[in-house]
Amino acid sequence: MDWLKQVTDIVDKYGSGNTANVPDSVETDFDRLSRHAPASTLSEGLAEAFRSDATPPFASMLSQLFGRSPANQKSNVINTLVATLGPTLVSQLLTRHGADRAAQEIQQGTPVTPDVAEQIPTTSIEAMAKEAEKKDPSIVDRISKFYAEQPALIKTLGGLALAVAMAKVAQRQTEVKR
């Protein structure tokens, strides 16, 4: 089966947008799709999963992804949150969660390095993400772009999130065909 046929089959399966019954093949389908779809399309699907009422809140899902991310990805996420919230608020949130070293570096205007990012608890990320989403909802799109490059991490969000993401990808592909 060629890749276009595989993508078409996946689009057909998730195109209805019905995520009530997640197929057993959702992870395999996502693997196949992520090999062929552009990162921008995966990013849109992930953003949809982050915003969906059918999935946990964005902040919770981001903290889950953050906990499983490599150090350089973690530092990118934190530095993006700092750019959205400002160093003072991020430092306060980090201090509340015991990440004093990171809080001090951020207060000094130093970008968070991968080494420091490894020491930041996921509870801090959840708190920061909640605040960032309130302040600037486009943070969801920016974070989605980071993680679209890491399909294996996206899979850790579970079948429902994958089904929501693939339904968005299917919708997008249907719009492109018209």
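The values are calculated or read from the model by the stated rules, or taken from the named source; none is laboratory data. These numbers come from a predicted model, not from an experiment. In this analysis, Cβ positions are derived from the backbone assuming ideal geometry, glycine residues included, and neighbour counts consider all displayed protein chains.
If you go through region 23-73 and pick out every residue that is of a type in the set (Val, Ile, Thr) and surrounded by fewer than 16 Cβ atoms within 10 Å (Cβ to Cβ), you end up with 1. Of the numbered criteria (1) buried (at least 19 other Cβ atoms within 10 Å of the Cβ); (2) at pLDDT below 85, the one ARG172 fails is (1). Contact map, region 137-148: residues that are more than 14 Å from ALA165 (Cβ to Cβ) paired with residues that are of a type in the set (D, E, K, R) and in a helix (DSSP H, G or I), Cβ distance under 9 Å, separation 6+ or inter-chain. Pairs shown: PRO137/ARG51; ILE139/GLU133. Within region 95-131, being within 23 Å of the chain's Cα centre (by Cα), closer than 21 Å to ASN72 by Cβ and of a type in the set (Gly, Ala, Ser) holds for ALA99, ALA102, ALA117, SER124, ALA129. When THR123, THR110 are screened for being surrounded by fewer than 21 Cβ atoms within 10 Å (Cβ to Cβ) and either aliphatic (A, V, I, L, M) or part of a helix (DSSP H, G or I) (or both), only THR123 passes.
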